[in-house]
Amino acid sequence: MHRDRSRKVAEDRYTAHHALSTHDANWFSDGGGTLPLEAPSYVVRAADRELVASLKDGALCYVLTARQMGKSSLTVRAAQALREAGVRPLYLDLSKLGQNTTPELWYGDIAERLGRESGLEQEAEDWWRVHREGGPVARLTDLLHDLIVPAAPSPVVVFVDEADAVRSLPFKADEFFIAIRQCHGGRAQDPVFRRLTFCILGAATPAELIRDPRTTPFNLGRRIELEDCTPGEARPLAQGLVMGLPGLPPPHAAQLLGRVLHWTDGHPFLTQQLCSAILRRAARDAAASPAELVDRLCEQIFFSPRSREQNDNLLYVKGRLLGAEADLHQLLTLYREVLAGQTIPDDDGNDLINQLRLAGIVKTAGGRLQVRNRIYARVFDDAWVEAALPDGELERPDGTRLRLGGTCAIGRAHGGALVLADTKVSRQHALIQAQNRHEFWLMDLGSANGTFVNGRRVLRPELLRSGDVIEIGPFRLRFHQSLAAERKPDTETGGGATLVTH
């Protein structure tokens, strides 16, 4: 009786965790977040059906895509569909486990939350306290095998949300995803694991979940593509416009929705935001045509200088691009080629393409990349790219300039970014690396004759300033920069900089 009551409390907590009150909200959501189960504005996409069918089939699934694409809302509905089909969903949000922790505490927290979700909070706590032998990840696997799954009267699906949160932990969490892979691999021989599967959601590439280069990347499972909604899938949103604007003729609502999709191309967050704005503004702009009204709202919400710095989605895309763990110059150059309409084939193995996809700024159509929608193409246009490119140039002895990217290898060897053909220059002599858009660090790579800045030999990574003269053998190179980051006194040398030295 106690266990049944605990399970009911856990299920109620799961639903309440995701629910948003709709009593005082309009038909659409313009603030992001998880849409409640009863939200009429939720658009059912192909991914909804594919995910539920795959999990029922016991497949290990992952939904790894940009933020604000509807992953959490998808999870709520998938969990409800599974529950109705007799499958037990458990929810684990890794972003709520804390970052300043230890492996023992982190895995213990996961065990506690899985126990709470399954209605076995006290049993899981007792089990974890008694079983102290072995590492925490092995004990977590045993907890699932010995307690959580056997206690469930039906198959179990664990939704692991915000999986990219592991990248901020002070220790590697590779073992966590390796354990998931091992649990799934055990389905072939172990009847307990045959009743368990996982769904991993987050804004990361599969390779980023297991980051140790000596370990096989997390590439097992079925990838669920969470695409933008098609015009057919979005058609119910026109009904929302009619409901929110009494007296609005259905054909007029369809025209409004059509113009919204013209700009958003079905992007979930942007579409909801524009439709919500229409409900607030349509009465005041009754004389405007659908195109005039929607275009005017786009100017206010997305295109004005103020909105570009305040819109949550635009800020996410911008931050994800400029903060990507990739050569910023190469990344933005690739995006600029996509923006210009060049044919760039999609390639899951290309890290730069994966970074663009995670930023949400590109999508695949017909096997090639294209900018995701007209809003992004207008905001993140060629002028934006030019301004966002790393702001540094190196003037050669002949007066020509080299635009600096993420790294600039200098030496006598062919293949480097800057080749200086002279016997006094080592094959791999020096390196300039961009720490971000406005910081460029120079380091000597153990050259025979040394690297000098303004007559001073470089002994450790040194932050360059505009106008600095770099001397390598008989060559004098001048560094130019129109913008510069604010620098604290203790960052003048590379003591606190993380630089690549290979």
- When region 182-206 is examined, which residues are found to be open to solvent by 60 Å² or more (accessible area, probe 1.4 Å) and either among the small types (Gly, Ala, Ser) or closer than 13 Å to THR141 by Cα (or both)? GLN182, ALA188
- Somewhere in region 121-141, is a residue in contact with a strand residue (DSSP E or B) (Cβ under 7 Å, 6 or more places away or on another chain) and open to solvent by less than 10 Å² (accessible area, probe 1.4 Å)? no
- Item | Test result for PRO246, at pLDDT below 95 and open to solvent by 40 Å² or more (accessible area, probe 1.4 Å) | yes
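Conditions (1) of a type in the set (A, V, I, L, M); (2) at pLDDT 95 or above; (3) open to solvent by 20 Å² or more (accessible area, probe 1.4 Å), marked per residue:
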site: PRO40; (1), (2), (3): no, no, yes
site: GLU50; (1), (2), (3): no, yes, yes
site: ALA53; (1), (2), (3): yes, yes, yes
site: VAL63; (1), (2), (3): yes, no, no
site: SER72; (1), (2), (3): no, no, yes
site: LEU90; (1), (2), (3): yes, yes, no
- Note on the structure: Among residues of region 80-138 being under 28 Å from the mean Cα position of the chain (by Cα) and of a type in the set (Val, Ile, Thr), the residue nearest to GLN182 (Cα to Cα) is VAL137
- Note on the structure: Taking region 69-81 and keeping only residues that are closer than 23 Å to GLU112 by Cβ and touching a Pro at 6+ places or on another chain (Cβ under 6 Å), one is left with ALA79
- If you check GLU462 against the conditions, is it charged (D, E, K, R), open to solvent by 10 Å² or more (accessible area, probe 1.4 Å), in contact with a helix residue (DSSP H, G or I) (Cβ under 7 Å, 6 or more places away or on another chain) and within 15 Å of CYS408 (Cα to Cα)? yes
- State whether the residues of region 168-185 include one that is among the basic types (Lys, Arg), free of Cβ contacts under 8 Å to residues at least 60 places away in the same chain and in contact with a Lys or Arg (Cβ under 8 Å, 6 or more places away or on another chain). yes
- Item | region 200-233, residues that are out of contact with any Leu (no Cβ under 9 Å at 6 or more places or on another chain), at pLDDT below 80 and assigned to a loop (DSSP other than H, G, I, E, B) | ILE210, ARG211, ASP212, PRO213, ARG214, THR215, THR216, ASN219
- Message: I need the helices (runs of 4 or more DSSP H) fully contained in region 234-325, keeping only those with at least 1 residues that are within 30 Å of ARG357 (Cα to Cα) and of a type in the set (A, V, I, L, M).
- Response: 236-244, 250-264, 268-281, 290-298, 312-322
- Any idea which of GLU337, GLU309 is surrounded by fewer than 19 Cβ atoms within 10 Å (Cβ to Cβ) and modelled with pLDDT of 95 or more? GLU337
- Could you list all residues from region 47-76 that are of a type in the set (A, V, I, L, M, F, W, C) and either under 21 Å from the mean Cα position of the chain (by Cα) or in a loop (DSSP other than H, G, I, E, B) (or both)? ALA47, LEU51, ALA59, LEU60, CYS61, VAL63, LEU64, ALA66, MET69, LEU74, VAL76
- Message: Cβ-Cβ under 7 Å, sequence separation 6+ or interchain: first residue in region 293-315 and over 20 Å from ALA282 (Cα atoms) and touching a residue at least 24 places away in the same chain (Cβ under 8 Å), partner open to solvent by 30 Å² or more (accessible area, probe 1.4 Å) and among the polar types (S, T, N, Q). Which pairs?
- Response: ASN313/GLN68
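The values are calculated or read from the model by the stated rules, or taken from the named source; none is laboratory data. Quantities reported herein were computed from a predicted structural model and do not represent experimental measurements. A quick note on method: Cβ atoms are made from the backbone with ideal geometry, for glycine too, and the neighbour counts reach across all protein chains shown. Heavy atoms of the whole protein, side chains included, go into the accessibility calculation; ligands, DNA and RNA do not. Shrake-Rupley method; radii C 1.70, N 1.55, O 1.52, S 1.80 Å.
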